[in-house]
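Enquirer: Here it is, the structure in full.
The values are calculated or read from the model by the stated rules, or taken from the named source; none is laboratory data. Please read all numbers here as calculations on a predicted model, not as lab measurements. All Cβ positions, glycine included, derive from the backbone under ideal geometry; neighbour counts span all protein chains shown.
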Amino acid sequence: MKVIYFSNAYYPVLLIAGAIHSSLLPADKKLLTASKIDKIYKLWKKLKEKNFLFLGIDESGNHVFSMHYNCKIGLAKRLVESFLAMYNVKPEEYRFITFEKEENFLLKLGRFCGKIGLKAVERGLVQNSVQKIYPWMVALAERCAAGKESGVNS
Amino acid sequence: MKVIYHCYGGTHSSVLAAASHLNLLPAGKKPDRKMLKCLPFFDKQLKKDLGRIFFLGRDDQGHDIFIVGRLDCPEVVEKGLHDLAKAFSIPVEDFITVNVMPCVSSSMKVGGFLSRAMGIVGLGRPIVAWGGINAYRRVTAIVQKVKEKLGALP
């Protein structure tokens, strides 16, 4: 099976779950170190540049991908579903995982600060937010890996 | 080979292009309003259809013709589908995506907005049909290029 984590957010938080799912990031619910947050930053940058990335293979042998486009979640979901249906790929062969309202207030504020040139403030806010979100992302990745969570709410 | 024509709403210019490709509209002269209104999907798609790829027909050379609406994110169709195809081992040479937005006129945008976004069909549809008739030569030029490209394929 192929698992696609889709995000349309400026800070693609859901893709952290994808990276945890594929063991690119540790499934550790403790506070993150600065080096791990740096790794997440670099991953986000790469994901935005590439749009579509193969993240790895999980323990069950599922291929995990990340997809990042600045379009509506429902549109992306229908596009992927109808395109794969054109080539007779059955819905059981893949999972499309999305989550609306990924960015919390701190991330939105961080983005705003970044836009007006306050890069240091942006970094601080994003770091703080990632620290708070990470345990939740670990739990989501675990549920997705176990097949209990589709994450699709669009 | 599959040809996917895409535009903002997937209901005006992409339908015109697909219909022209399938010879549902005359090649040498401009169509009239009645012809446009009789086309399947013309000014009929809804928001919930955005991103869904619709089959319009098979051309005389055996190519399947599709349309899709993708709002203002052409990359998700042009790049996203290619990435997705690679991930699912679908041959990328088996389909082409064609952006029809360059031939869309202001009147088509205004008419389309009134009809689809605002729901004022009685006012928007004649405007978009008028715009479509005027943009038809540009649409057929795009279709002609696509047909030449398809004809040059082995």
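Enquirer: Name the residue, out of B:ARG70, B:ARG58, B:ARG52, that is basic (Lys, Arg) and more than 14 Å from the chain's Cα centre (by Cα).
Expert: Values: B:ARG70 fails: more than 14 Å from the chain's Cα centre (by Cα); B:ARG52 fails: more than 14 Å from the chain's Cα centre (by Cα).
Exactly one of B:ARG70, B:ARG58, B:ARG52 is basic (Lys, Arg) and more than 14 Å from the chain's Cα centre (by Cα), namely B:ARG58.
Enquirer: Moving to a separate point now. Does A:GLU103 count as under 15 Å from the mean Cα position of the chain (by Cα), touching a residue at least 24 places away in the same chain (Cβ under 8 Å) and more than 7 Å from chain B (Cβ to nearest Cβ)? Reasoning before the result, please.
Expert: Numbers: under 15 Å from the mean Cα position of the chain (by Cα): yes; touching a residue at least 24 places away in the same chain (Cβ under 8 Å): yes; more than 7 Å from chain B (Cβ to nearest Cβ): yes.
When the stated conditions are applied, A:GLU103 passes them.
Enquirer: For the subset of region B:60-82 comprising residues that are surrounded by fewer than 19 Cβ atoms within 10 Å (Cβ to Cβ) and either of a type in the set (D, E, K, R) or assigned to a helix (DSSP H, G or I) (or both), which member is farthest from the other protein chains (Cβ to nearest Cβ)? Lay out the reasoning, then the answer.
Expert: We begin by selecting, within region B:60-82, every residue surrounded by fewer than 19 Cβ atoms within 10 Å (Cβ to Cβ); these are B:60-62, B:64, B:71-72, B:74-75, B:78-79, B:82.
Still in the list and also either of a type in the set (D, E, K, R) or assigned to a helix (DSSP H, G or I) (or both): B:60, B:64, B:72, B:74-75, B:78-79, B:82.
Details: B:ASP60: 21, B:ASP64: 8, B:ASP72: 8, B:PRO74: 10, B:GLU75: 6, B:GLU78: 11, B:LYS79: 6, B:HIS82: 9 Å.
Step by step, filter region B:60-82, then rank; the result is B:ASP60.
Enquirer: Restricted to region B:83-130, and to residues that are within 14 Å of another protein chain (Cβ to nearest Cβ) and aromatic (Phe, Trp, Tyr), which residue is farthest from B:ASP32 (Cα to Cα)?
Expert: That would be B:PHE88.
Enquirer: Report yes if some residue within region A:28-47 is assigned to a loop (DSSP other than H, G, I, E, B) and surrounded by 18 or more Cβ atoms within 10 Å (Cβ to Cβ); otherwise report no. Break it down stepwise before answering.
Expert: Of region A:28-47, the ones assigned to a loop (DSSP other than H, G, I, E, B) are A:28-33.
Imposing the further condition that a residue be surrounded by 18 or more Cβ atoms within 10 Å (Cβ to Cβ) reduces the set to A:32.
Checked region A:28-47: at least one residue is assigned to a loop (DSSP other than H, G, I, E, B) and surrounded by 18 or more Cβ atoms within 10 Å (Cβ to Cβ).
Enquirer: So, one more: Which residues, counting only those in region B:11-28, are more than 12 Å from the chain's Cα centre (by Cα) and at pLDDT 85 or above?
Expert: Taking region B:11-28 and keeping what is more than 12 Å from the chain's Cα centre (by Cα), we get B:23-28.
Correct list: B:ASN23, B:LEU24, B:LEU25, B:PRO26.
Enquirer: Still on this model: Does any residue in region B:1-28 that is free of Cβ contacts under 8 Å to residues at least 60 places away in the same chain come within less than 8 Å, Cβ to Cβ, of a residue that is surrounded by fewer than 18 Cβ atoms within 10 Å (Cβ to Cβ) and of a type in the set (Gly, Ala, Ser) six or more places away or on a different chain, and which pairs are these?
Expert: Close Cβ pairs satisfying both conditions: B:ALA18/B:GLY57; B:LEU22/B:GLY57; B:LEU24/B:GLY57.
Matching residues to (1) within 14 Å of chain B (Cβ to nearest Cβ); (2) modelled with pLDDT of 85 or more; (3) in contact with a strand residue (DSSP E or B) (Cβ under 6 Å, 6 or more places away or on another chain):
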position	(1), (2), (3)
A:MET1	yes, yes, no
A:PHE6	yes, yes, yes
A:LEU31	no, no, no
A:ILE37	no, no, no
A:LEU55	yes, yes, yes
A:HIS63	yes, yes, yes
A:CYS71	yes, yes, no
A:LEU109	no, yes, no
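Enquirer: From the list A:ILE133, A:ILE97, which residue is more than 14 Å from chain B (Cβ to nearest Cβ), in contact with a strand residue (DSSP E or B) (Cβ under 6 Å, 6 or more places away or on another chain), touching a residue at least 40 places away in the same chain (Cβ under 8 Å) and surrounded by 14 or more Cβ atoms within 10 Å (Cβ to Cβ)?
Expert: Details: A:ILE133 fails: in contact with a strand residue (DSSP E or B) (Cβ under 6 Å, 6 or more places away or on another chain).
A:ILE97 is the lone residue from the list that is more than 14 Å from chain B (Cβ to nearest Cβ), in contact with a strand residue (DSSP E or B) (Cβ under 6 Å, 6 or more places away or on another chain), touching a residue at least 40 places away in the same chain (Cβ under 8 Å) and surrounded by 14 or more Cβ atoms within 10 Å (Cβ to Cβ).
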